[in-house]
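Written out below as structure tokens is the structure these notes cover.
The values are calculated or read from the model by the stated rules, or taken from the named source; none is laboratory data. Note that the coordinates shown come from a computational prediction; the quantities given were computed from them, not determined experimentally. Neighbour counts run over all protein chains shown; Cβ positions are idealised from the backbone, glycine included.
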Amino acid sequence: MQDLTFLDWQTDGPVATVWLNRPPVNAVDQQFYREIHTFFSNVEEYLPEARVVVLAGRGKHFCAGNDLADFQTLDPGNAPTQLERAREAFWAIYDSSYPVIAAVHGVAVGTGLAIAASCDLLVAAEGARFATPEVNVGVLGGAKHLSRLVPQGMVRLMHYTGDLYPAEQLLPYGGIVDIVPQAQLLDTARELARSIGRHSPVTLRLAKRSLNGIEYRDLKTGYEFEQGKTRELSGYADSKEAVNAFLERRNPVYTGR
């Protein structure tokens, strides 16, 4: 496994906690994008015992966005490579083998918002704030990720203004699971992770692929896609263990096979 500079992690049973750690505000530069991509593309190697990941930030903020030094030198010639690195990092989280829960405190802006919105679920600390401030610094992006958290009208308001919006204002739209005191943030996210991690690891992997696959499909093609994952899952022993344990009124014992 490759050594990483800007990510820390630990595992407690089926729940792993991963921290963004690039002081002072976890701004993401090109190396950091590469590390996020490397880690989440190989998450089963870095976290072999885990089933669910909680993604948090060290310091005062979850992530204050892209390192602005990158934008000072951005031009049409080097933009494709730099922007591809950002996409690869976000997609690695979105497509990772494990469900990922963002635990957001402080600010999640620009790249930070995209990282949080690439996760499966999001828990926020009281006072957490979100923004797509790209228009403030002469770039674009983040609106599509934001649309996973709020409806189109709010996406346009946040994107055009570039202003910070409190988690409490976004909560009613459903993209944030809960808002808790900051001291309880990690415990709350980990409790949610444990409620997910009690299930079969193979079922969780296929469930994530299924949810990603149906996100932008219509009802008929989406449900057919889900049924295909049921077919795939039926070939695993964990599938039969789940139904047998339910019928026998006992706790299942999963092997991941």
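Being loosely packed, with under 14 Cβ neighbours inside 10 Å, under 16 Å from the mean Cα position of the chain (by Cα) and free of Cβ contacts under 8 Å to residues at least 40 places away in the same chain narrows it down to one residue among Lys220, Lys144; which is it?
Lys144
Test each condition in (1) assigned to a helix (DSSP H, G or I); (2) in contact with a helix residue (DSSP H, G or I) (Cβ under 7 Å, 6 or more places away or on another chain); (3) not aromatic (Phe, Trp, Tyr) for Pro252 and report the one that comes out false.
Only one criterion is unmet by Pro252, namely (1).
Okay, residues lined up against (1) touching a helix residue (DSSP H, G or I) at 6+ places or on another chain (Cβ under 7 Å); (2) crowded, with 20+ Cβ neighbours inside 10 Å:
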residue	(1), (2)
Phe40	yes, yes
Leu74	yes, no
Glu84	no, no
Val104	yes, yes
Gly110	yes, yes
Phe130	yes, yes
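Which residue, of Gly213, Gly175, is within 17 Å of the chain's Cα centre (by Cα) and either within 30 Å of Gly127 (Cα to Cα) or assigned by TED's automatic domain parsing to the domain that holds Ser96 (or both)?
Step by step, each of Gly213, Gly175 is checked, and only Gly175 is within 17 Å of the chain's Cα centre (by Cα) and either within 30 Å of Gly127 (Cα to Cα) or assigned by TED's automatic domain parsing to the domain that holds Ser96 (or both).
Would you say Ala245 is more than 20 Å from the chain's Cα centre (by Cα), hydrophobic (A, V, I, L, M, F, W, C) and at pLDDT below 95?
It is true that Ala245 is more than 20 Å from the chain's Cα centre (by Cα), hydrophobic (A, V, I, L, M, F, W, C) and at pLDDT below 95.
Among the listed residues Ala207, Ala189, Ala183, Ala193, which satisfies the condition of being assigned by TED's automatic domain parsing to the domain that holds Ala102 and closer than 18 Å to Ser97 by Cβ? Even if it seems obvious, please write down each step before you answer.
Details: Ala207 fails: assigned by TED's automatic domain parsing to the domain that holds Ala102; Ala189 fails: closer than 18 Å to Ser97 by Cβ; Ala183 fails: closer than 18 Å to Ser97 by Cβ.
Only one candidate qualifies: Ala193.
Can you name the number of the only condition in (1) out of contact with any strand residue (DSSP E or B) (no Cβ under 7 Å at 6 or more places or on another chain); (2) over 20 Å from Ala27 (Cβ atoms); (3) not in a helix (DSSP H, G or I) that Val139 fails?
(2)
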